Amino acid sequence: MSRRVILLLLILVLPRCAGAPKTSSEYPTPIMTPPVAPIQPRSITLHDDTRVDNYQWLRDKGAEGVIAHLEAENAYTAALMKPTEVLQKALYEEIVGRIQETDQSAPYRKGDFEYYHRTEQGKQYRIYCRREPGKPATEAVLLDMNARAENLPFLGLGVYEVSPDGRYLAFSLDETGFRDYTLQVKDLRSGDVLPERIEKVKSLAWASDSQTFLYTMDDETKRSYRVLRHRLGDSNDDPILYQEDDERFRMAVWRSRSGQYLFRGAFSHTTTEIGFLEAEDPSGTWRLVAERKQDHEYAVAHRGDEFLIRTNDQGRNFRIVRAPVAAPQPPSWKEVVAHRDDVMVEGLDVFEDFYVLSEREMGLPYIRVAGFGDGEFHRVSMDEPVYSLYPGANEEFSTTTLRFGYESLTAPDSVFDYDVAARKRRLIKQIEVLGGYEPTSYRSERLWATAGDGTRVPISVVYKKGTPLDGSAPMVLAGYGSYGFPYPTVFSHARVSLLDRGFVYAIAHVRGGGELGKSWHDQGRMEHKENTFADFIAVAEHLIAKGYTSSERLAIMGGSAGGLLMGAVVNRRPDLFGIVVSLVPFVDVLNTMLDDSLPLTVGEYEEWGNPREREAYFRIKEYCPYTNIGAHDYPTMLVRTSLNDSQVMYWEPAKYVAKLRAHKTDQNPLLFRINMEAGHGGASGRYDYLEETAFDYAFILEATFSRRSP
């Protein structure tokens, strides 16, 4: 997973507080002032540019004063936010009150069982279960995360793979948030956890014998660089089957849906290489589908005596080819679906009798299904102007049914089973929204802004019907714009409170994301990264011009690489935004990308560039938020991070806030909050996470209604 990717993309919500709003002068005097003076400046010289980084000392977690500095920031934030404690509690209770706390996911079939997870009221984590098909009384608990999390402040689940015979569960847990996963194996017949404990495991694939599995192991930079083989009960060192020495590439292993092949993949941000062997013979010889070639990405699925391959060898938006398993190299490829400039093929799923393409056109996703008999395609899409549509849990190869998920800014997450032959869908499960939510009371729209170079940028918008569009409504505008990932247009139980109180919520689908295909990503990375920031500013200006909000009532929000976006645009146009919320923000881009000892830095040279090369150095320096902090006014700001984040290290936002305090010329509140026991996604427990959400929304609400008119 990429450094800044978080789907804490985002359940924004905030009800208006009771009573008269406070003015900015009513914020309490802090009980202490956070330290901002450096202990020891560090001078860095590179090329012909000399920089002094006065806050480099914050990088050493164990150094004198660092933890004290972070704790002082937390105390300062708590003091300023103390008047909102009642609001925070009310927000939290409102959000929880809209959620079905005791619930169960839609079961999916795999082998002889149906698998699902469920939650129980008052418990932080999921309980993973299975049962005999259609027999709830036969439930067996496979993994109770609540029991595992006892006395732990954080718990994250990585690998979760049941062996082909259904007897063993391989699972991995992270107890700190630093993405250090330890693998264990549970015997599902006896309930015993086996002695095996393997550190730093990221992916796993079972062989057909259900005694052997392949797995990937991380190096010290958290890059999955080795593929190893393990046999249950074997205490000897596991043999290394493959080691990837090119630091741009990370490894993964998986098993084909058909069950016949094991795959290993080497992936950079631009290039793929996939090998395979028979699942019946995990000690066999690896063969390559296609040797790596710079800028060639592909994915492989198996059926019978051939592979179907999704490849961008003849166009950035991918095409589909087929090749015999006996000769899978590119000279044998035969085209099945041609490349199209206006349609992005995002995914390929292959079953015994049909295959499915996940595609995106004009920013909207849909599914196309074709049978292997007649080859005729038909399309599954939805009618809303903004929505998400994606394949669900489809574990069975021999099936006539496709499971897919659907949700939108107004419709909650829904699971459908689609009869491919009859072309009919059946609703299996829809997440409940308690408290009388009525989707028809809300309106979603797709708008388009025009950037300075003439590019049209899509915007997703949702608001409650009747909300005035005369510039008086407050707005939260979210954005990301990196790695080619489309910003998800999904439902949020929490966001309903925001909409009910007159807020407009919008998403800027800026270049650098993947909403309009691979070229949309290309136009917002490397030497084109400035387009991401220009697009976001153009979206904000468009929404203001059209009366959806005003500058003083516009709050912008982004996490991870979206935090980079926040930092860059607020340096450029601090007058355009009233409030900024940056979550685990990637704001010290230049220094991080200069340090190849950090997790994922080398791999991301293909997203940002390598600043050890002169041209890339000055290009990154031009937009790096930390580097470009200036002596001018900034909006009201909240920056939030976690101490154990391995994707954006805590010191990036810590340095950013310290430098802002020293340079900004306004009296607007600047708050910094650090979760001392979590990682990139924040708190791991669902209730703890919602408390963090309520905090963010209380901040935005208080800042929105306490701002003085310009």
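The values are calculated or read from the model by the stated rules, or taken from the named source; none is laboratory data. Owing to the predicted nature of the structure, the values given are computational and were not obtained by experimental measurement. With ideal geometry, Cβ positions are generated from the backbone for all residues, glycine too; neighbour counts draw on all protein chains shown.
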Notebook entry, point to check: Of the residues GLY567, GLY563, which is of a type outside the set (Lys, Arg), surrounded by 20 or more Cβ atoms within 10 Å (Cβ to Cβ), in contact with a Leu (Cβ under 7 Å, 6 or more places away or on another chain) and under 17 Å from ILE537 (Cβ atoms)?
Noted result: GLY563
Note to self: Report every pair of residues separated by at least 6 positions or lying on different chains whose Cβ atoms are under 8 Å apart, first residue within segment 124-152 and in contact (Cβ under 8 Å) with a residue 60 or more places away in the chain, second surrounded by fewer than 19 Cβ atoms within 10 Å (Cβ to Cβ) and in a loop (DSSP other than H, G, I, E, B).
What the structure shows: ALA149/GLN124
Notebook entry, point to check: Checking TYR548 against (1) crowded, with 24+ Cβ neighbours inside 10 Å; (2) under 26 Å from the mean Cα position of the chain (by Cα); (3) of a type in the set (Ser, Thr, Tyr), which single condition isn't satisfied?
Noted result: (2)
Note to self: Report every pair of residues separated by at least 6 positions or lying on different chains whose Cβ atoms are under 8 Å apart, first residue within segment 227-241 and farther than 23 Å from GLY265 by Cβ, second aromatic (Phe, Trp, Tyr) and surrounded by 11 or more Cβ atoms within 10 Å (Cβ to Cβ).
What the structure shows: LEU232/TYR168
Notebook entry, point to check: Of all residues in segment 82-132 being of a type in the set (Phe, Trp, Tyr) and touching a strand residue (DSSP E or B) at 6+ places or on another chain (Cβ under 9 Å), which is farthest from PHE154 (Cα to Cα)?
Noted result: PHE113
Notebook entry, point to check: Which members of segment 663-710 meet the condition of being of a type in the set (A, V, I, L, M) and either touching a residue at least 40 places away in the same chain (Cβ under 8 Å) or under 14 Å from SER642 (Cβ atoms) (or both)?
Noted result: LEU671, ILE674, MET676, ALA678, ALA683, LEU690, ALA694, ALA698, ILE700, LEU701, ALA703
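Matching residues to (1) buried (at least 24 other Cβ atoms within 10 Å of the Cβ); (2) under 22 Å from LEU600 (Cβ atoms); (3) basic (Lys, Arg):
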{"residue": "ASP645", "(1), (2), (3)": "yes, yes, no"}
{"residue": "LYS659", "(1), (2), (3)": "no, no, yes"}
{"residue": "PRO669", "(1), (2), (3)": "no, no, no"}
{"residue": "GLU677", "(1), (2), (3)": "no, no, no"}
{"residue": "TYR689", "(1), (2), (3)": "no, no, no"}
Next item on the list: Could you tell me whether GLY452 is touching a residue at least 40 places away in the same chain (Cβ under 8 Å), surrounded by fewer than 16 Cβ atoms within 10 Å (Cβ to Cβ) and closer than 30 Å to ILE537 by Cβ?
Entry: yes
Margin query: Any residue that is among the small types (Gly, Ala, Ser), within 23 Å of TYR487 (Cβ to Cβ) and at pLDDT 95 or above - is there at least one of those in segment 319-336?
Written below: no
Note to self: Restricting to segment 627-643, give me the number of residues that are in contact with a strand residue (DSSP E or B) (Cβ under 9 Å, 6 or more places away or on another chain) and surrounded by fewer than 23 Cβ atoms within 10 Å (Cβ to Cβ).
What the structure shows: 3
Next item on the list: Could you please give the count of residues in segment 627-653 that are over 20 Å from GLY65 (Cα atoms), under 26 Å from the mean Cα position of the chain (by Cα), in a loop (DSSP other than H, G, I, E, B) and not polar (S, T, N, Q)?
Entry: 1
Check: Can you name the number of the only condition in (1) farther than 23 Å from GLY375 by Cβ; (2) among the charged types (D, E, K, R); (3) assigned to a loop (DSSP other than H, G, I, E, B) that ARG257 fails?
Finding: (1)
Notebook entry, point to check: Any idea which residue in segment 486-511 is nearest to GLY436 (Cα to Cα), counting only those that are in a loop (DSSP other than H, G, I, E, B) and in contact with a Lys or Arg (Cβ under 6 Å, 6 or more places away or on another chain)?
Noted result: HIS493
Note to self: Condition first: in contact with a helix residue (DSSP H, G or I) (Cβ under 7 Å, 6 or more places away or on another chain), without any contact (Cβ under 8 Å) to a residue 40 or more places away in the chain and surrounded by fewer than 23 Cβ atoms within 10 Å (Cβ to Cβ). Now tell me which residues in segment 576-611 satisfy that.
What the structure shows: LEU576, ASN610
Next item on the list: Test GLY156 against the criterion of being at pLDDT below 95 and either under 24 Å from the mean Cα position of the chain (by Cα) or on the phi > 0 side of the Ramachandran plot (or both), and give yes or no.
Entry: no
Margin query: If I filter segment 373-386 for residues that are modelled with pLDDT under 95, crowded, with 17+ Cβ neighbours inside 10 Å and assigned to a strand (DSSP E or B), do I get at least one hit?
Written below: yes
Notebook entry, point to check: GLN294 passes all but one of (1) assigned to a loop (DSSP other than H, G, I, E, B); (2) within 29 Å of ASN610 (Cα to Cα); (3) in contact (Cβ under 8 Å) with a residue 40 or more places away in the chain; (4) out of contact with any Gly (no Cβ under 6 Å at 6 or more places or on another chain); which number fails?
Noted result: (3)
Check: Quick check, is PRO412 closer than 27 Å to THR532 by Cα, surrounded by 14 or more Cβ atoms within 10 Å (Cβ to Cβ) and in contact (Cβ under 8 Å) with a residue 60 or more places away in the chain?
Finding: no
Next item on the list: Of the conditions (1) of a type outside the set (Gly, Ala, Ser); (2) surrounded by 18 or more Cβ atoms within 10 Å (Cβ to Cβ); (3) at negative phi; (4) out of contact with any Phe, Trp or Tyr (no Cβ under 7 Å at 6 or more places or on another chain), PRO239 clears all except one; give me its number.
Entry: (2)
Check: Does any residue of segment 666-677 turn out to be at pLDDT 95 or above, of a type in the set (Val, Ile, Thr), on the phi < 0 side of the Ramachandran plot and assigned to a loop (DSSP other than H, G, I, E, B)?
Finding: no
Next item on the list: Please determine, by comparing only the residues of segment 212-234 that are more than 12 Å from GLU196 (Cβ to Cβ) and among the acidic types (Asp, Glu), which one is surrounded by the most Cβ atoms within 10 Å (Cβ to Cβ).
Entry: ASP218
Notebook entry, point to check: From LEU447, LEU427, which residue is within 29 Å of GLU395 (Cα to Cα), modelled with pLDDT of 95 or more and in contact with a strand residue (DSSP E or B) (Cβ under 7 Å, 6 or more places away or on another chain)?
Noted result: LEU427
Notebook entry, point to check: What single numbered condition from (1) crowded, with 16+ Cβ neighbours inside 10 Å; (2) in a loop (DSSP other than H, G, I, E, B); (3) within 24 Å of the chain's Cα centre (by Cα); (4) in contact (Cβ under 8 Å) with a residue 60 or more places away in the chain fails to hold for GLU395?
Noted result: (1)
Next item on the list: Of the conditions (1) touching an Asp or Glu at 6+ places or on another chain (Cβ under 8 Å); (2) under 21 Å from ASN675 (Cβ atoms), GLU132 clears all except one; give me its number.
Entry: (2)
Notebook entry, point to check: What's the number of the condition PHE372 fails, among (1) closer than 21 Å to VAL343 by Cα; (2) in contact (Cβ under 8 Å) with a residue 24 or more places away in the chain; (3) hydrophobic (A, V, I, L, M, F, W, C)?
Noted result: (1)
Next item on the list: Select from segment 116-153 the residues that are crowded, with 16+ Cβ neighbours inside 10 Å and of a type in the set (Ser, Thr, Tyr) and write down the one among them that is farthest from TYR689 (Cα to Cα).
Entry: TYR116
Check: How many residues does segment 297-319 contain that are more than 21 Å from MET251 (Cβ to Cβ), part of a strand (DSSP E or B), within 28 Å of the chain's Cα centre (by Cα) and of a type in the set (D, E, K, R)?
Finding: 1
